[in-house]
Amino acid sequence: MATMEEILKQADLLGYRGEKREEYLKHEFRLLAERQEKKEEAGRQEKKEEAERQERKEKEEADRKERLKLEKIKLDAEMKLLGKN
């Protein structure tokens with residue numbers, strides 16, 4: 001990705017002057033801003049997806065613990081019933 005300094009140097013190397021230089025710089029700076037915005041949006045999206053993955057992982061872990069707890073209660077009840085017979 002070109003930086004602002006690189007864009008200015010490129011305009012100089014191309015020999016752009018006056019209005020042509022202004023048009024070139026506007027165009028290149030707009031493209032630079034669009035690329036930066038896309039990069040930032042991708043970063044925000046990745047953070048959002050990571051948060052969703054973490055939330056799902058935590059919910060799955062809580063569900064697993066709850067199932068184990070219920071299974072233990074069930075086994076304890078079965079053991080009590082077997083012990084009374």
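The values are calculated or read from the model by the stated rules, or taken from the named source; none is laboratory data. Bear in mind that the values here come from a model prediction, so they are computed numbers and not experimental data. Note that each Cβ is placed from the backbone with ideal geometry, even for glycine, and that neighbours are counted across all protein chains shown.
Right, A51: at pLDDT below 95 and either more than 21 Å from E5 (Cβ to Cβ) or not in a helix (DSSP H, G or I) (or both) or not? If you could, list the steps in order and put the result at the bottom.
Working: at pLDDT below 95: no; either more than 21 Å from E5 (Cβ to Cβ) or not in a helix (DSSP H, G or I) (or both): yes.
Judged against the criteria, A51 is not a match.
Out of E41, E78, which single residue is in a helix (DSSP H, G or I) and either modelled with pLDDT of 95 or more or not acidic (D, E) (or both)?
Checking each option against the conditions leaves just E41.
Identify all residues within the stretch 15-38 that are outside any helix (DSSP H, G or I) and either among the hydroxyl-bearing types (S, T, Y) or in contact with a Lys or Arg (Cβ under 6 Å, 6 or more places away or on another chain) (or both); write none if there are none.
Passing the criteria: only Y16.
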